[in-house]
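Have a look at the structure below before the remarks.
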Amino acid sequence: MTSPASLESLRDVISRHGLDARKALGQHFLLDPDITNRIASLAGTLDGRHVVEVGPGPGGLTRSLLNTKATSVTAVEVDPRAAEIIRELSAFYPDRLKLVEADALKEDLTTLCPAPRHIVANLPYNVATPLLVGWLRQGTAWERLTLMFQLEVVERICAQPGSSHYGRLGVLAQWCAQCAIVMKLPPGAFSPPPAVWSAVVSITPHADQPEPALFKAMERVTAAAFGQRRKMLRGSLKGLHGERLLAETGIDGTRRAETLSIAEFDSLAHAHLALSAKS
């Protein structure tokens, strides 16, 4: 058997399999090993960790993850063409690389490997945000998430109150985790190049995570508050008995959602949960 050190180049693998990136799948491949090695290193120490990668494509990042001391790498791929490439790669790492052919949006990734778990992925752009929200709901299950998104999405995840990027996604993410932009990449780093810059965000869940009912309450509050962000809170939260929520939390109803801190949204979520329990 050929050794991993003499693996076929990614470009040759792509050519042999006819793996063209498909817009419908949000695919943009990373082929430069210097970049994929850097992303793997940004995940921090992976010694003894089990890594889940979503959308491995031709396996560039997969190879870099396998070059770390991660105990295992589980690649989740919905595209059967890319899955065949990962299946070939697994022959070189039979004890460490596992292929799961599935739609990550429909799969509970926590069932694929034991803790401690990391997610490291260059996410398909068309499903990246709903994937992240789903993983935030499982905050206790993940030690860290190191994820590639469009730069605009990463800016939203890390945005501070008062900024133009601050919104529902940033509130949810920062409520559950410490978030930081750790790398930016120009379109030319990908094949084919996307229309925009991309970035890697490091997301480390807090030790204390909200219960599922409180998470749902936060989702409702942020959806209402930012769904009509030009409105004052007394208007945007009206459907959630906003006057009572604002009175309970002491938040001025003439303010707008983008001015509220994470702590203030936390207060609103708790108040909404308590009010729902009484009704």
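Spin-label model, residue 241 to residue 34: label points 7 Å out along the Cα-to-beta-carbon direction sit 6.0 nm apart. For the pair residue 276 and residue 105, the difference between a 0.36 nm per residue extended length and the Cα-Cα distance amounts to 58.7 nm. In a fully extended conformation the segment linking residue 12 and residue 93 would gain 27.2 nm over its present Cα-Cα distance, using 0.36 nm per residue. Over all pairs of different C-alpha atoms, segment 172-279 has a mean inverse distance whose reciprocal, the Kirkwood radius, equals 15.7 Å. Rolled with a 1.4 Å probe across the full set of protein chains, the surface gives residue 168 an accessible area near 90 Å². Placing 222, 140 in order of accessible area, with the largest value first and a 1.4 Å probe, yields 140, 222. Across the chain, C-alpha contacts under 8 Å between residues 6 or more apart give a mean separation that, scaled by the residue count, equals a relative contact order of 15 percent.
Enumerate the lysines that residue 106 could reach by cross-link, defined here as Cα to Cα under 24 Å, with residues fewer than 8 away along the same chain left out. Leaving aside lysines fewer than 8 places away in the same chain, those within reach of residue 106 are 23, 98, 216. If you wrap segment 4-205 in the convex hull of its Cα atoms and look at it from every side, the mean projected area works out to 10.3 nm².
Rounded to the nearest 5, what % of the DSSP beta bridges within the chain are antiparallel ones? Within the chain, antiparallel bridges account for around 50 percent of the total. Averaging 1/r over every pair of different alpha carbons in segment 5-97 and inverting the result gives a Kirkwood radius of 13.4 Å. Along each principal axis, taking the top coordinate minus the bottom one, the Cα set of segment 43-152 gives 34, 30, 26 Å in descending order.
Length gained on full extension, residue 197 to residue 248: 14.1 nm, using 0.36 nm per residue less the C-alpha separation. Classify segment 108-220 as rounded, prolate or oblate from the Cα gyration tensor: take a ≥ b ≥ c as the square roots of its eigenvalues, call it rounded if a/c is under 1.5, otherwise prolate when a/b beats b/c and oblate if not. Because a/c hits 1.5 or more and a/b fails to exceed b/c, segment 108-220 counts as oblate.
The values are calculated or read from the model by the stated rules, or taken from the named source; none is laboratory data. Note that the structure is a prediction, hence the values are computed from the model and not measured. FYI the Cβ positions are ideal-geometry reconstructions off the backbone, even for glycines, and counts take in every protein chain you see. All accessible areas refer to the heavy atoms of the entire protein, side chains included, with ligands and DNA or RNA removed. Shrake-Rupley method; radii C 1.70, N 1.55, O 1.52, S 1.80 Å.
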